1. Between region 357-385 and region 253-294, what's the alpha-carbon centroid distance in Å?
2. For region 15-26, just list the computed ³J(HN,Hα) in residue order, Karplus coefficients 6.51, -1.76 and 1.60, θ = phi - 60°, integers in Hz, with x standing in for Gly and Pro.
3. Using the structure shown, list the pairs from Lys3/Lys72; Lys51/Lys196; Lys83/Lys196; Lys72/Lys196 with a Cα-Cα distance above 26 Å, or answer none.
4. Can you list which of the trypsin sites (Lys or Arg not before Pro) found in region 61-91 are DSSP loop residues with at most 11 other C-beta atoms within 10 Å?
5. Tell me, what ³J(HN,Hα) does each residue in region 30-43 have, in order and in whole Hz, if you take phi through Karplus 6.51 cos²θ - 1.76 cosθ + 1.60 with θ = phi - 60° and put x for Gly and Pro?
6. Which residues' amide hydrogens lie under 5 Å from the amide hydrogen of Val189, considering only partners 5 or more residues apart or on another chain, with H built in the peptide plane?
7. Taking square-rooted eigenvalues a ≥ b ≥ c of the alpha carbon gyration tensor, is region 3-66 rounded, prolate or oblate, where a/c under 1.5 means rounded and, failing that, a/b exceeding b/c means prolate?
8. Taking 0.36 nm per residue of sequence separation and subtracting the Cα-Cα distance, how much length would be gained by fully extending the chain between Arg13 and Ala32, in nm to one decimal?
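Bear in mind these aren't lab numbers, they're just calculated from the coordinates by the rules spelled out. Just so we're clear, the structure is a prediction, and the values are computed from it rather than from any experiment. Please note: Cβ atoms are built from the backbone with ideal geometry, for glycine as well, and neighbour counts cover all protein chains shown.
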Amino acid sequence: MAKFFLRKKIGDRVIGGHPWIFANELGDAEGAYEPGDIVEVYSYNGSFVGKGYVNPASQIRIRLVTRHKNEKIDEGFFYNRIKEAWDYRRSIGYTENCRLIFGEADQLPALIIDKFNDYFVIQTLALGMDIWKGAIAEALGRIFKPKGIYERNDVPVRELEGMPQQKGFLSEPFDTQIIINENGLKFHVDIENGQKTGWFLDQQDNRRAIQHIVKDANVLEAFSYTGSFSVHAAHYGAKSVLGLDISENAVAQATRNAELNGYGDICKFSAINAFDALKAWVKEGRRYDVVILDPPAFTKSRENIEKAITGYKEINLRGMKLTKPGGFLVTASCTNLVPPEMFLKTIAMAAKDAHRTLRQVSWQTQASDHPIMWNIPATQYLKFLIVQVN
Ligand code: SAH
């Protein structure tokens, strides 16, 4: 097995538990290896740090999968890690749906597995993980006897690893239009063509957080995708809900989800650019009791954080203006590139410009099946805020 040595000045982050090792953090290397192979990593003075997979084509040269020298990386390793992750999810209350593997937080860097009851959707986002796809599917088979496993590797980040985008079955083919239960409601999930893995599990607790504020309310939800917040709002007693999404498919799916739960009359959805709609409706003087904003990550790279901040500020400013005095703004951000303090600052700037004062109702993050590792800051990515707007 090839050996890599960390540079002298670097290593604290890695030794402190972060699994990523960048190309410029590595000094000497010994032995031959192929891209994707498991290699050993040592500190500059030769003490063992961990084992991980290497990819010379990636800026993240090595991702560590174990800190134990004697732990063998084979089929059994993947079985054990997945089993542990499931035991952990069960111990914190998950039974049916959950993010079963949240990459680095489950010591399986670049692996995502979402469990939708008997169906599993997986993403292998680095070469060294992709190589083990067969072992991972087999482990899922042994642990869960699933009705289906699907690969959603149609994501651009794979290209940074020199891998193609692809999707397809990792089990016998099955009907990829499924229905899941969440918070006592039912939702259509399109495993094959939905965004990401088909359903955003991370907002599960936050969807419940709107329970009291939407009662008898007229609700506007921008960026509504599957209509998850809208349907929850109707369920919790909203008078009317209007959801906006730029994608026709999302609007069709949200409409089907409202109908599936008997809220087809209360929830309406419209395919429209939310930036345009919010702007125009502020001008018209429209007002809602509750405005919900759950936009996509406005940036994927550090260079564009300013652009993201501008986007968040604009929609939140308009969202506040559309909220009746005493009404509520529900607002989220799903990129780890905008840390919590920066998000709150942006909301504060928007309030200042909108000449509104905010009273905080709740301030939350992603559901706990997406564990936050205190030594891996990027594992905290979702910000979720409810404020009363006065
Ligand atoms: N709240 C949803 C997730 C929203 S994801 C949930 O809980 O599942 C973000 C959504 O914003 C996507 O569906 C995307 O199609 C939509 N979107 C992106 N840009 C948009 C724009 N300019 N106007 C309206 N919708 C947009």
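1. Spelled out, the Cα-based centre of one part sits 25 Å from the other.
2. Ordered by residue, 3J(HN,Hα) equals 5, x, x, 7, x, 8, 10, 7, 3, 7, 9, 9 Hz.
3. Lys51/Lys196; Lys72/Lys196
4. Listed in order of number, the matching sites are Lys69, Lys72.
5. My calculation for region 30-43 gives 10, x, 8, 7, 10, x, x, 5, 7, 10, 9, 10, 10, 6 Hz in order.
6. Answer set, sorted by chain and number: Ile178, Ile179, Ile180.
7. Since a/c stays below 1.5, the shape of region 3-66 is classed as rounded.
8. Here the answer is 4.2 nm.
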